[in-house]
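Novice: Got a structure for you, written out below as structure tokens; questions coming shortly.
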Amino acid sequence: MDYEECNAFIPAKLLNAARRDIVLGLYDLKLNSQENRTKAVDVKEKISFAPVKPYLTASVTTKEQYDACVSSGIKEIYFENVVRRNQNHYKDKEGQLLIGGYGGIYHYRATNPFVTDYSLNVVNAASCYELYKLGAKRVTLSYELNKSQMDDLMNAYYNDNDGYPSLEMIVYGKAPLMFTKYCPMKKIDQCRICKTKSYELKDEHGTFPIISHNDCTTTLLNGKTLNLLDELPNLKGIEAFRLNFTVESKEQVVKIIHMASDKLSGSMNHTVFNQETDTRGHFNKEIV
């Protein structure tokens, strides 16, 4: 706005104030020109699952481990039906899948029943609900949850949905520490030798097994084994307890399945936790 009369000038603050008054007036005109409207709140669909008797599942790395699980009576085994979080390409698969990422969920949700894996890092009831809405049959809890947080999650879900969630929990196995597209064997000119031999990384803190995948990506595992088998009789509200086999031999797989079965049924009273080789992870302590 320009004003030229009698050599007078208008201070900028008055112009700014006038602009604010005009804009507020326009807002009022706009708002008052519409009838009051109230947005209808969508009724939330409540999703719940009937409680079932807890059972064991298993994830395996080798065909030998798979055969050991079958011979030991494990009904649900994750082997060639695993879809990792960081896959870029998806092939047609049959049957139920264990899916670790949203890309896999959206690719397979219309064709395959599926369970979501730990890599989705589920730590609350809202996350469970959203995954069930996408079609998940079960949701695997994050490694990072402690016992108290699990109870809070289940209580919150029950209160919101008038029923229970369908949950899976990893109770045995070497937890993955890192996934990388970098292959240490390829770096030292020994690509594909991992198909016949096993390797580990060592430092001052311990020994860390390496799992090599078919696409030359690798997973670095914890040197200690997560072992919550002693806790099985006291864990309530979990449908499936998973045994995660990575570097175990066939004999070790059979032994661990028998121990887990006995613990779940309550027929074994003595502890199976080894202070030297095992860890309870975050089960008894919250991440700070």
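The values are calculated or read from the model by the stated rules, or taken from the named source; none is laboratory data. Please read these numbers as outputs of a predicted model, since none were measured by experiment. Neighbour counts are summed over all protein chains in view; Cβ atoms, including those assigned to glycine, are modelled from backbone coordinates with ideal geometry. In case anyone asks, the SASA skips ligands and DNA or RNA and just uses the protein heavy atoms, side chains included. Shrake-Rupley method; radii C 1.70, N 1.55, O 1.52, S 1.80 Å.
Novice: Would you be able to tell me the number of residues in region 245-288 that are in contact (Cβ under 8 Å) with a residue 24 or more places away in the chain, buried (at least 16 other Cβ atoms within 10 Å of the Cβ) and closer than 12 Å to PRO233 by Cα?
Specialist: So the answer is 4.
Novice: Continuing with this model, one more query. On the given criteria, is GLN87 outside any helix (DSSP H, G or I) and either modelled with pLDDT under 95 or over 21 Å from ASN214 (Cα atoms) (or both)?
Specialist: So GLN87 passes the test.
Novice: Being surrounded by 13 or more Cβ atoms within 10 Å (Cβ to Cβ) and farther than 21 Å from ARG84 by Cα is the filter; apply it to region 192-207 and report the residue that is modelled with the lowest pLDDT.
Specialist: ILE193
Novice: On to the next question. Say whether the condition of being open to solvent by 80 Å² or more (accessible area, probe 1.4 Å) and either in contact with a Phe, Trp or Tyr (Cβ under 7 Å, 6 or more places away or on another chain) or in a helix (DSSP H, G or I) (or both) is met by at least one residue in region 8-18. Steps first, answer last, please.
Specialist: The first filter runs over region 8-18 and keeps only residues open to solvent by 80 Å² or more (accessible area, probe 1.4 Å), leaving 9, 13-14.
Filter once more, keeping what is either in contact with a Phe, Trp or Tyr (Cβ under 7 Å, 6 or more places away or on another chain) or in a helix (DSSP H, G or I) (or both): 13-14.
Yes.
Novice: While we're here: Could you give every pair whose Cβ atoms fall below 8 Å, whose first residue belongs to region 168-192 and is closer than 30 Å to ALA260 by Cα, and whose second residue is charged (D, E, K, R) and open to solvent by less than 30 Å² (accessible area, probe 1.4 Å), counting only separations of at least 6 or pairs across chains?
Specialist: GLU168/ARG138; GLU168/ARG242; MET169/ARG242; ILE170/ARG242; VAL171/ARG242; TYR172/ARG242; GLY173/ARG242
Novice: Which one of the conditions (1) within 38 Å of the chain's Cα centre (by Cα); (2) farther than 30 Å from VAL139 by Cβ does ILE10 fail to meet, given that it meets all the rest?
Specialist: (1)
Novice: Let me ask something else. Could you check region 19-53 and list, in sequence order, the residues that are among the hydrophobic types (A, V, I, L, M, F, W, C), open to solvent by less than 90 Å² (accessible area, probe 1.4 Å) and either touching a residue at least 12 places away in the same chain (Cβ under 8 Å) or under 30 Å from SER166 (Cα atoms) (or both)? Before you say what the answer is, go through the steps one by one.
Specialist: First, the residues of region 19-53 that are among the hydrophobic types (A, V, I, L, M, F, W, C): 22-24, 26, 29, 31, 40-41, 43, 47, 49-50, 52.
Now restrict to residues that are open to solvent by less than 90 Å² (accessible area, probe 1.4 Å): 23, 40, 47, 49-50, 52.
Of everything in region 19-53, those that are among the hydrophobic types (A, V, I, L, M, F, W, C), open to solvent by less than 90 Å² (accessible area, probe 1.4 Å) and either touching a residue at least 12 places away in the same chain (Cβ under 8 Å) or under 30 Å from SER166 (Cα atoms) (or both) turn out to be ILE47, PHE49, ALA50, VAL52.
Novice: Separate question: Take THR225 and tell me if it is surrounded by fewer than 18 Cβ atoms within 10 Å (Cβ to Cβ), of a type outside the set (Lys, Arg) and in contact with an Asp or Glu (Cβ under 7 Å, 6 or more places away or on another chain). Give the steps one after another, and end with the answer.
Specialist: Working: surrounded by fewer than 18 Cβ atoms within 10 Å (Cβ to Cβ): no; of a type outside the set (Lys, Arg): yes; in contact with an Asp or Glu (Cβ under 7 Å, 6 or more places away or on another chain): yes.
No: the conditions fail for THR225.
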